[in-house]
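Engineer: One structure is given below, represented as structure tokens, and several questions about it will come after.
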Amino acid sequence: MKKNPARNVHLKKGPSKLLETINASIDVDQRLYREDIEGSIAHTKMLGHQKIISKKDQTKIISGLKKILKDIEAGKLKFKKEFEDIHMNIEAHLHNKIGSVAGKLHTARSRNDQVVTDLKLWIKKNGILLDKNCQTFQKILIGIAKKNILTVMPGYTHFQVAQPISLAHHCLAYVEMLGRDRSRLADCLNRLNQNPLGSGALAGTSFPINRQMTTKLLKFKEPTVNALDSVSDRDFAVEFIFVLSLLGVHLSRLAEEIILWSNQQFKFVTLPDDLATGSSIMPQKKNPDGAELVRSQAAKSISHLNNILIILKGLPLAYSKDMQDDKKLIFNSFDTVHLCLQVITELMSKIKFNTSQMKNAVDESYATSTDLANWLVQSLGYSFRHAYQLTAKIVSYAIKKNKILEALTLVELQQFDGHISASILKNLSSTNSMRNKTSYGGTSPQSVKKSIQYAIKKYL
């Protein structure tokens, strides 16, 4: 076909080169070729079943569409910008294969309901892939947790050492974050699981179509209720990008910690060589490039979320060409976050933890001060505020003497309060501090073991 069959024939002049350039979306939406053909086959089957087209034409159209799919996947078919988008490219190629009967494919359908159907099908498929990869990452983190139930590390607030926790406890925090990301993704996929095909341009159609049939064929839960809403909103795209953005933020936070932990001042981890780089002039360096890029890339999906919200906010119903950019934003967000997820999954599967360095960082930071205050409350019946003030004096003394809390003697402690007994000494070790946090969800070994079992049951 030499002309785009979607062009309005009443226009005296065709589009200028400038309009063709800005109007064409084929460079982006060609990724929807499989979904577009899948939707067209379902639509054709419905048209045949409803006797809107003949069985002969149905067979011919479906056969042609299947051949086009094979040609695309074999790299034999080239898309053309003059046909604007994936829908018209496929229809044009179908015309070349089967002749004028190809024109019957678009009966009782608009590109408006066609594109939103394609996009929903794509998100459903790739959303499932994303969920599986999130689960894989959770499995890696749970595996690390299983091996490090007794590994002591600093827990931070305000990026200052706060209390001793286990490495397992830290990893499980991200398991829960990812669990909520997966839950949000599931909600998103459930809400978009309505079939828009058959909505037409905005008003439905006078043809006796069967939307329940295409819904079943395309594995949607149900058809959309309002044709105008079906083609004019992209809230499902906004929600999908939001899920991706928040997942990216969670990955970025872990990436930031990995960057810090690999620093010479921390030395908590040793990064795998294949996910780090050297310096162009400083031969001793090992740069955490993989983690840095994960941290950086998270910004993309956040900007895309803002972008699509701004696009939608001023659009009257129904479809406007502004919506053409939704696919670019969705694809870019997905590609970016999905890649980041793969990178950090591999990184965490290969990383080595320097456990002795982690414990030293706890011991040298007076992180058991809260345990000292708690002992004073529990054993001597002091108010927490009184215990807090007394503990602060003891910590100041330890700092002045250049001693860790665990190294203080009973005699030294009794200088501050004669009621302090020897039983306090075991509470000042970082290991015992961690063991004592037995509340549900805490960092004690028994609590962490329960959290691991919970995570395995819920997420794996």
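The values are calculated or read from the model by the stated rules, or taken from the named source; none is laboratory data. Just so we're clear, the structure is a prediction, and the values are computed from it rather than from any experiment. Because the Cβ atoms are built from the backbone with ideal geometry, glycine has one as well, and the counts that use them run over all protein chains shown.
Engineer: Here is a list: 329, 309. Which entry is in a helix (DSSP H, G or I) and exposed (fewer than 15 other Cβ atoms within 10 Å of the Cβ)?
Structural biologist: Being in a helix (DSSP H, G or I) and exposed (fewer than 15 other Cβ atoms within 10 Å of the Cβ) holds for just one of 329, 309, which is 309.
Engineer: Okay, next question. Check whether at least one residue in segment 348-355 is in the same structural domain as residue 239 (by TED's automatic domain parsing), under 30 Å from residue 123 (Cα atoms) and buried (at least 18 other Cβ atoms within 10 Å of the Cβ), and report yes or no. Working first, answer last.
Structural biologist: Of all residues in segment 348-355, those in the same structural domain as residue 239 (by TED's automatic domain parsing) come to 348-355.
Then drop every residue that is not under 30 Å from residue 123 (Cα atoms), which leaves 348-349.
Going one step further and asking which of them are buried (at least 18 other Cβ atoms within 10 Å of the Cβ), we end up with 348.
Yes, segment 348-355 has at least one match.
Engineer: To continue, here is another question. So which pairs qualify, if the first residue must be in segment 277-296 and without any contact (Cβ under 8 Å) to a residue 12 or more places away in the chain, the second must be among the hydroxyl-bearing types (Ser, Thr, Tyr) and loosely packed, with under 10 Cβ neighbours inside 10 Å, the Cβ gap must be under 8 Å, and the two must be at least 6 apart or on different chains?
Structural biologist: Hits for this filter: zero, empty list.
Engineer: Run down 162, 173, 186 and say which single residue is under 13 Å from the mean Cα position of the chain (by Cα) and surrounded by fewer than 22 Cβ atoms within 10 Å (Cβ to Cβ).
Structural biologist: Numbers: 162 fails: under 13 Å from the mean Cα position of the chain (by Cα); 173 fails: under 13 Å from the mean Cα position of the chain (by Cα).
Being under 13 Å from the mean Cα position of the chain (by Cα) and surrounded by fewer than 22 Cβ atoms within 10 Å (Cβ to Cβ) holds for just one of 162, 173, 186, which is 186.
Engineer: Could you tell me how many of the residues in segment 436-450 are modelled with pLDDT of 95 or more and in a helix (DSSP H, G or I)?
Structural biologist: Matching residues across segment 436-450 total 6.
Engineer: Considering segment 219-264 alone, what residues qualify as being in a loop (DSSP other than H, G, I, E, B), in contact with a strand residue (DSSP E or B) (Cβ under 8 Å, 6 or more places away or on another chain) and either within 15 Å of residue 190 (Cα to Cα) or not assigned by TED's automatic domain parsing to the domain that holds residue 320 (or both)?
Structural biologist: Matches in segment 219-264: 220, 221, 224.
Engineer: I would also like to ask the following. Identify, by number, the condition in (1) buried (at least 19 other Cβ atoms within 10 Å of the Cβ); (2) under 21 Å from the mean Cα position of the chain (by Cα); (3) among the hydroxyl-bearing types (Ser, Thr, Tyr) that residue 319 doesn't meet.
Structural biologist: Single failed check for residue 319: (2).
Engineer: For residue 150, indicate whether it is in a loop (DSSP other than H, G, I, E, B) and farther than 18 Å from residue 370 by Cα.
Structural biologist: Values: in a loop (DSSP other than H, G, I, E, B): yes; farther than 18 Å from residue 370 by Cα: yes.
Yes, satisfied.
Engineer: Pull up segment 148-159, narrow it to residues that are in contact (Cβ under 8 Å) with a residue 12 or more places away in the chain and of a type outside the set (Val, Ile, Thr), then point me to the one that is surrounded by the most Cβ atoms within 10 Å (Cβ to Cβ). Reasoning before the result, please.
Structural biologist: Of the residues in segment 148-159, the ones in contact (Cβ under 8 Å) with a residue 12 or more places away in the chain are 148-155.
Then keep just the ones that are of a type outside the set (Val, Ile, Thr); that gives 148, 150, 153-155.
On the way: 148: 20, 150: 14, 153: 26, 154: 23, 155: 18.
Step by step, filter segment 148-159, then rank; the result is 153.
Engineer: Moving on to the next point. Pick from segment 265-290 the residues that are in contact with a strand residue (DSSP E or B) (Cβ under 9 Å, 6 or more places away or on another chain) and β-branched (Val, Ile, Thr): which of them is modelled with the highest pLDDT?
Structural biologist: 269
Engineer: I'd like to check something: does segment 413-427 contain any residue that is of a type in the set (Lys, Arg) and touching a residue at least 12 places away in the same chain (Cβ under 8 Å)?
Structural biologist: No - not one qualifying residue is present in segment 413-427.
Engineer: Quickly run through segment 272-303 and pick out the residues that are assigned to a helix (DSSP H, G or I) and either of a type in the set (A, V, I, L, M, F, W, C) or outside the structural domain of residue 345 (by TED's automatic domain parsing) (or both).
Structural biologist: 275, 291, 293, 294, 298, 299, 302
Engineer: Quick one: which helices (runs of 4 or more DSSP H) lie wholly within segment 332-417 and hold at least 1 residues that are in contact with a Phe, Trp or Tyr (Cβ under 6 Å, 6 or more places away or on another chain)?
Structural biologist: In segment 332-417, 355-363, 369-380, 384-401 are the helices (runs of 4 or more DSSP H) which contain 1 or more residues that are in contact with a Phe, Trp or Tyr (Cβ under 6 Å, 6 or more places away or on another chain).
Engineer: Residues that are in contact with a strand residue (DSSP E or B) (Cβ under 7 Å, 6 or more places away or on another chain) and either on the phi > 0 side of the Ramachandran plot or modelled with pLDDT of 95 or more (or both): does segment 178-195 have at least one?
Structural biologist: yes
This table checks each residue for (1) within 21 Å of residue 28 (Cβ to Cβ); (2) modelled with pLDDT of 95 or more.
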| residue | (1), (2) |
| --- | --- |
| 78 | yes, no |
| 82 | yes, no |
| 97 | no, yes |
| 118 | yes, yes |
| 134 | no, yes |
| 141 | no, yes |
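Engineer: Would you mind stating whether residue 183 is polar (S, T, N, Q) and over 28 Å from residue 261 (Cα atoms)?
Structural biologist: Answer is yes for this residue.
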